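The values are calculated or read from the model by the stated rules, or taken from the named source; none is laboratory data. Quick caveat, the model's predicted, so the values are computed rather than measured. In this analysis, Cβ positions are derived from the backbone assuming ideal geometry, glycine residues included, and neighbour counts consider all displayed protein chains. The accessibility values were calculated without ligands, DNA or RNA, using every heavy atom of the protein model including side chains. Shrake-Rupley method; radii C 1.70, N 1.55, O 1.52, S 1.80 Å.
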Amino acid sequence: MRTFYIDVYFLINFTVDILALYVSVRVLHAPAKMHRLVIAALLGAAVSVADAFLYALPLLRALLFAASLLFCSLIVMRASGVRRRIKLIAVFFTVELLLGGAVSFFYSALDGVFVSLGLTGEGVENRKALILAVLVLFSIGIIRLLIMIFTDILGEKSVRVSITVADTTVEVEAMLDSGNLVKDPMNMHPVLFIKPTLALRLVPRCVAELNDLDLLDNDYRKRIRLIPVTRVGGTHVMTGVRADKVVVTRGGVSEEIEFTVAIDKEGGTYGGYEALLPIAVIRDAF
């Protein structure tokens with residue numbers, strides 16, 4: 001008779017779920033809090049444990065699985081459109097399959113290693129779970145390269161953007177740019193470039209001009225970023241600020257996306273626009 005370790009099974013599923021959810025929200029640039037990911041992963045692990053006892057009821061298992069995916073998307077993305085939730089479920093399901101395959105492969109491999117070494121005593125299963133958690137972490141890098149994003153190429157030239165920093169909110173039309181792949185090195189958020197004229201309406205002058213920063217309170221100083229940007233002629237460092245909220249509106253649908261705002265002091269505008277937004281992020285959000 002095979003022994004079923006509920007704690008090990010729960011731990012493995014929780015690890016896979018939280019990693020899959022983390023990769024999914026990062027791919028979609030969704031503003032999700034870690035405690036929400038933990039709650040959704042706990043729900044997914046609990047459903048997996050329940051599923052193990054319902055093998056004779058396939059219809060109930062299917063309904064339970066579908067309901068868990070729906071509730072996970074509601075928990076992780078509190079305020080998002082239906083299409084974005086569907087994309088989250090699709091990406092999450094894809095990553096789950098890849099991670100599940102990796103876990104199954106490594107579990108079988110480790111089981112053979114333990115048997116060959118004669119390590120079949122009590123506690124072996126728990127050691128396997130810990131090793132599997134580490135192996136799953138290493139698989140993330142490969143998985144992110146394999147994830148397919150289910151979106152169409154956008155034909156729009158610009159979108160409406162609302163940017164909030166501290167107590168200040170500005171709305172602007174932002175040009176879409178396929179070549180903007182810059183990331184904030186501190187949190188790997190995509191970067192929204194703005195011109196100084198817009199920056200002066202959004203942040204204090206000392207931030208826009210990067211001087212007299214001692215005038216700012218400590219909380220505001222923590223928002224400031226130095227962002228390296230590679231252009232023709234070398235790498236430049238731009239002043240940036242972590243935005244509290246960025247809402248992008250396209251086709252009457254609004255989505256909140258995590259951005260760091262960088263101030264571009266080069267002359268001119270972006271084809272008449274004061275802001276430049278990476279089109280890759282829009283593909284993921286809508």
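The figures follow:
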{"read-out": "Estimated distance in nm for a label pair at Ser254 and Ile39, the labels positioned 7 Å out from Cα along Cα-to-Cβ", "value": "2.3 nm"}
{"read-out": "Solvent exposure ordering (accessible area, 1.4 Å, most first) of His29, His35", "value": "His35, His29"}
{"read-out": "FRET efficiency, Leu181 to Leu54 (Cβ-Cβ, R0 45 Å, nearest 0.05)", "value": "0.50"}
{"read-out": "Stokes-Einstein D for segment 212-270, Kirkwood Rh over Cα pairs, 10 °C, 1.306 mPa s (µm²/s)", "value": "114 µm²/s"}
{"read-out": "List Val82, Val27, ordered by accessible area with a 1.4 Å probe, largest first", "value": "Val82, Val27"}
{"read-out": "Segment 174-190 and segment 205-256: distance between their alpha carbon centers, rounded to Å", "value": "11 Å"}
